[in-house]
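> Shown below is the structure under consideration.
The values are calculated or read from the model by the stated rules, or taken from the named source; none is laboratory data. Computed from a predicted structure; not experimentally measured. Because the Cβ atoms are built from the backbone with ideal geometry, glycine has one as well, and the counts that use them run over all protein chains shown. We work out accessible area using only protein heavy atoms, side chains counted, and drop any ligands, DNA or RNA first. Shrake-Rupley method; radii C 1.70, N 1.55, O 1.52, S 1.80 Å.
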Protein chains: 4
Amino acid sequence: MTEWKTEISSSGEDAVIRGEKLEQVMDMEFADAIWLLLKGEKPGEKESELFNTILSSSIDHGVGNPSTVSARTIQSGGNDMNTSVAGGILSLGDSHGGAIEECMQILQSEKTARQIVEEYLQNGEKIPGIGHKVYDDVDPRAQKMLEKAEKLELSGESVDKMKEIKTVFAEKKVDLVMNVDGATAAVMSDLGWEPELGKGFFIIARTPGIVAHVREEMDEPDFRREKGEYVGK
Amino acid sequence: MTEWKTEISSSGEDAVIRGEKLEQVMDMEFADAIWLLLKGEKPGEKESELFNTILSSSIDHGVGNPSTVSARTIQSGGNDMNTSVAGGILSLGDSHGGAIEECMQILQSEKTARQIVEEYLQNGEKIPGIGHKVYDDVDPRAQKMLEKAEKLELSGESVDKMKEIKTVFAEKKVDLVMNVDGATAAVMSDLGWEPELGKGFFIIARTPGIVAHVREEMDEPDFRREKGEYVGK
Amino acid sequence: MTEWKTEISSSGEDAVIRGEKLEQVMDMEFADAIWLLLKGEKPGEKESELFNTILSSSIDHGVGNPSTVSARTIQSGGNDMNTSVAGGILSLGDSHGGAIEECMQILQSEKTARQIVEEYLQNGEKIPGIGHKVYDDVDPRAQKMLEKAEKLELSGESVDKMKEIKTVFAEKKVDLVMNVDGATAAVMSDLGWEPELGKGFFIIARTPGIVAHVREEMDEPDFRREKGEYVGK
Amino acid sequence: MTEWKTEISSSGEDAVIRGEKLEQVMDMEFADAIWLLLKGEKPGEKESELFNTILSSSIDHGVGNPSTVSARTIQSGGNDMNTSVAGGILSLGDSHGGAIEECMQILQSEKTARQIVEEYLQNGEKIPGIGHKVYDDVDPRAQKMLEKAEKLELSGESVDKMKEIKTVFAEKKVDLVMNVDGATAAVMSDLGWEPELGKGFFIIARTPGIVAHVREEMDEPDFRREKGEYVGK
């Protein structure tokens with residue numbers, strides 16, 4: 001039989017979150033409470049401001065992506081909110097929000113920017129955090145995030161390393177923008193978040209969007225049927 | 001083939017959330033962005049403060065409840081963050097956070113407090129929002145939430161109705177506390193949230209807690225096995 | 001702390017399924033093992049034949065329905081087999097396979113066919129098990145299932161009641177076919193299955209189809225994006 | 001917008017599974033229909049017998065493992081059959097049924113048994129398919145499966161290679177049994193299944209067991225709470 005021990009929280013009369021009484025957590029802003037819960041300490045004022053920006057930037061992103069489509073499709077099968085939202089979160093695999101996590105890993109690794117670029121080029125793989133379908137010069141959301149980090153004096157080694165990756169790649173191959181995934185990964189790294197929580201943070205940020213889409217789908221007819229084509233024998 | 005239309009958000013260069021440019025949403029606090037996303041307008045300052053309290057109050061609640069146990073058990077089967085968190089959210093069915101939603105429904109119905117109590121008594125069912133295993137006089141979290149709502153001048157008809165339900169039940173049967181589910185449901189109703197979003201709001205609030213537990217479980221040995229007993233023939 | 005007791009099976013050296021040694025279960029056909037597992041006794045030869053027909057009839061149904069679309073969409077987010085298949089099963093809610101369960105409930109209720117039809121007409125609801133978009137005279141799969149049940153002498157009260165529902169509805173409103181859901185529900189009821197397992201049986205039958213679609217999707221490009229349209233302010 | 005094309009099946013009047021009319025599939029045994037669906041052709045008589053053995057051997061395995069615990073815990077949160085079963089399937093990650101898939105990969109690789117053993121020893125990793133907590137001489141289920149494969153003249157290269165892995169490991173380190181995962185992986189490989197379907201086949205086999213446990217849990221009290229301990233500051 002397994003033991004269920006935790007350093008995170010307790011329930012009941014003396015309920016705490018990371019040692020802080022739950023009644024006191026009720027006086028904290030939600031984003032600050034998330035920070036406390038995941039990092040075990042409260043954020044500073046500037047960290048809090050930047051963390052709110054990061055969370056709000058990923059809150060939703062249109063109706064056509066896999067997490068929205070799967071959540072709404074599951075709702076249309078005649079399901080409750082929790083079942084449908086969970087189905088949306090299932091979509092958030094390696095190819096859906098995974099670039100942030102991979103980017104945090106390389107930024108926090110021992111490897112230099114040059115080594116990283118060379119490795120990716122050698123393996124013929126896409127470097128996470130640079131390149132964008134639409135933007136050639138600058139990704140406005142990435143820019144906004146980096147400016148905010150700088151203004152708050154929270155920009156550090158990882159932002160520098162991410163910029164260097166972009167520069168080295170421009171030298172070796174082609175000049176691409178740093179995208180919002182790259183900026184997020186760099187800023188999160190400079191805020192001291194570990195890569196293991198990169199996907200978790202994205203899930204927290206996107207869950208409200210999935211809830212909103214499931215609620216909207218409740219007013220649509222049940223049983224969405226896509227037009228399929230049988231191309232077998 | 002279905003059409004994917006939404007009033008919530010768009011992606012790409014002109015990405016918006018409810019008509020607000022995503023770059024501007026990045027300047028909003030996370031809780032305010034959630035409010036905008038789900039209600040289609042920004043909260044006032046006082047509404048924002050109360051909404052943060054509500055969200056933070058449900059952020060986590062110890063390791064032994066169904067959502068934590070299922071999320072951690074799924075992680076122990078050798079799974080990624082998104083898969084495990086989704087499994088935790090699946091647990092949040094009618095018996096796990098459902099009291100808030102049911103309570104919002106009765107508070108927002110046409111029925112008076114007296115009619116509600118009588119119906120529940122007649123059907124022999126538990127009234128959502130009153131009673132607590134530990135507290136006889138007062139549930140400190142419910143009290144804190146109601147005080148905050150009153151101080152912010154956001155307490156309204158639903159809080160009054162919830163108090164009346166408690167009073168009528170005391171007359172007819174037994175004097176129980178208003179619990180935190182009842183206070184949350186009443187305050188959410190006075191803030192203009194519809195019951196259809198009651199469970200969704202709870203999912204948003206609790207997802208960070210599930211993420212924290214899955215992260216903690218990653219450092220535990222894989223494949224949790226509970227001690228089971230075969231009592232068949 | 002909860003106790004984990006079961007009458008279903010045990011593991012380890014003396015592993016059994018419903019009292020039958022697992023080594024002996026290995027000599028059973030899969031469908032017979034399913035029957036043993038869910039009903040606690042082995043099927044007769046004729047029951048086994050009919051049960052195989054019921055399971056095989058629901059094994060898959062094209063690419064456009066909610067369970068297929070959600071499973072494949074989740075896989076396209078960069079996920080493993082178990083995560084994607086689970087997402088497909090989530091779709092199987094009240095509006096996706098739920099007609100079988102609802103139909104079993106009315107067939108096994110105390111109500112007569114006439115009472116059932118009158119109630120549904122009064123509530124303006126669709127009677128489960130009758131009507132089909134394509135077939136006016138006969139649904140060939142329903143017919144095949146009923147013929148097989150009759151040939152095997154396993155057709156009983158529920159099949160009769162289902163036919164009577166169709167007849168009464170024709171008298172009162174319009175003459176529709178008995179569809180494959182209705183035939184399945186009737187035959188399952190005559191085989192002694194309870195409605196509580198109606199959805200479970202459908203999940204068992206359809207899981208292989210979902211697995212097949214997830215496998216096919218693995219060879220497609222990642223991150224399916226549907227064309228969405230923002231119609232907000 | 002994505003296109004939904006499939007070689008697997010179609011729906012409607014001319015519904016087929018891999019080119020076979022659905023009405024004819026209704027005359028097939030369930031295990032044979034699964035084989036057709038996943039491999040695109042019908043099994044021979046001997047293949048069918050062995051495939052039934054493989055499926056039945058994994059149908060359930062007691063109440064204490066992660067898939068059972070998560071499915072039952074989710075049901076206890078107040079959820080429907082599909083939601084709870086999906087939660088059980090989510091548990092079936094790399095550490096829960098994954099040994100079969102990993103074992104199929106090494107058996108179907110170009111590497112010799114000797115190379116495989118040496119690599120695993122060098123990396124300090126457990127070789128999938130050999131070793132058992134209880135059995136020192138023989139795992140009776142593995143033995144039964146191998147005997148059946150041999151009797152049916154379906155034992156081939158992969159079974160030989162698996163036996164050789166066991167022999168080489170005995171020479172180099174210690175003499176362990178071939179376990180049921182190893183026997184299953186070997187036999188599945190000799191039947192021509194690809195490793196990509198290893199986990200999918202296990203999901204198909206185990207889904208009936210998860211359904212049975214969710215049904216049993218419906219008769220238990222809601223909201224299972226495990227005894228947790230807070231060990232934080």
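> Can you tell which of C:G97, C:G62, C:G77 shows the greatest fluctuation in a Gaussian network model of chain C with Cα springs below 10 Å?
Most flexible of the set in this elastic network: C:G62.
> Step by step: find N for the protein assembly as shown, compute 2.2 N^0.38 Å, then divide the Cα radius of gyration by it. What's the final number?
In units of the 2.2 N^0.38 Å rule of thumb, it is 0.96.
> Just to confirm my numbers, what's the Cα centroid distance between the stretch D:172-197 and the stretch A:45-122 in Å?
The stretch D:172-197 and the stretch A:45-122 have Cα centres separated by 36 Å.
> Moving on. Efficiency by 1/(1 + (r/R0)^6): what FRET value for C:N123 and C:Q24, r their Cβ-Cβ distance, R0 = 56 Å, to the nearest 0.05?
Once the sixth-power term is evaluated, E becomes 0.70.
> Which of the residues in the stretch A:86-123 show a loss of at least 30 Å² in accessible area from their chain by itself to the complete set of protein chains, at a probe of 1.4 Å?
Those are A:A86, A:I89, A:L90, A:S91, A:D94, A:S95, which lose 30 Å² or more relative to the chain on its own.
> Could you state how much accessible area is buried at the D-B interface, both sides summed, with a 1.4 Å probe, in Å² to the nearest 100?
2300 Å²
> While we're on this one: Rg/Rh for the stretch B:166-212 to two decimals, with Rh computed the Kirkwood way over all alpha-carbon pairs.
Reported Rg/Rh, Kirkwood definition of Rh: 1.14.
> Another question, then. If you wrap a convex hull around the C-alpha atoms of chain B and split its volume per residue, what is the figure in Å³?
222 Å³
> Before anything else, pin down the relative contact order of the stretch A:63-185: Cα pairs under 8 Å, at least 6 apart, normalised by residue count, whole percent.
29 percent
> Follow-up question, since we're still on this one. If you roll a 1.4 Å probe over chain C with all protein chains in place, what percent of the accessible area is carbon or sulfur?
On chain C, the fraction of accessible area on carbon and sulfur atoms equals 42 percent.
> Going 7 Å from the Cα of B:K173 in the Cα-to-Cβ direction, what parts of the stretch B:103-119 have a backbone nitrogen less than 11 Å from that spot?
B:117-119
> Among C:K151/D:K46; B:K233/D:K166; A:K21/B:K148; C:K227/D:K39, which pairs are too far apart, with a Cα-Cα distance over 25 Å?
C:K151/D:K46; B:K233/D:K166; C:K227/D:K39
> Of the GluC sites (Glu not before Pro) in the stretch A:30-89, which ones lie in a loop per DSSP and count no more than 12 other C-beta atoms within 10 Å?
A:E41
> Same structure again: What are the label-to-label distances in nm, one decimal and shortest first, from B:K151 to the same spot in the other copies, with labels 7 Å along Cα to Cβ?
Ordered by distance, the counterparts are at 3.0, 7.7, 7.7 nm.
> So, one more: Can you compute the helix-only [θ] at 222 nm over chain C? Use -39500 (n - 2.57) per DSSP H run of at least 4 residues, normalise by all residues, nearest 500 deg cm²/dmol.
Taken over chain C, the calculation gives -17000 deg cm²/dmol.
> Tell me the distances, shortest first, between C:K46 and the same position across the other copies, using label points 7 Å along Cα→Cβ, in nm to one decimal.
Ordered by increasing distance: 3.5, 7.5, 8.3 nm.
> With respect to the symmetry axis carrying chain D onto chain A, which residue of chain D exhibits the smallest Cβ distance to that axis, and what is the value in whole Å?
D:T83, 2
> From other protein chains only, count the Cβ atoms within 10 Å of every residue's Cβ in B:194-201, then give the mean.
Mean inter-chain Cβ contacts per residue within 10 Å come to 4.
> Give the nm distances, rounded to one decimal, from D:D219 to the matching residue in every other copy, measuring between label points 7 Å along Cα toward the beta carbon; shortest first.
In ascending order, 4.3, 4.5, 4.6 nm.
> Further question on the same structure: What whole-number value in cubic angstrom gives the convex hull volume per residue for the C-alpha atoms of the stretch D:101-225?
Hull volume normalised by residue count: 155 Å³.
> Mind checking the full-extension length gain between C:D219 and C:K5? Use 0.36 nm per residue of separation minus the Cα-Cα distance, one decimal, nm.
Extra length available between C:D219 and C:K5 comes to 72.8 nm.
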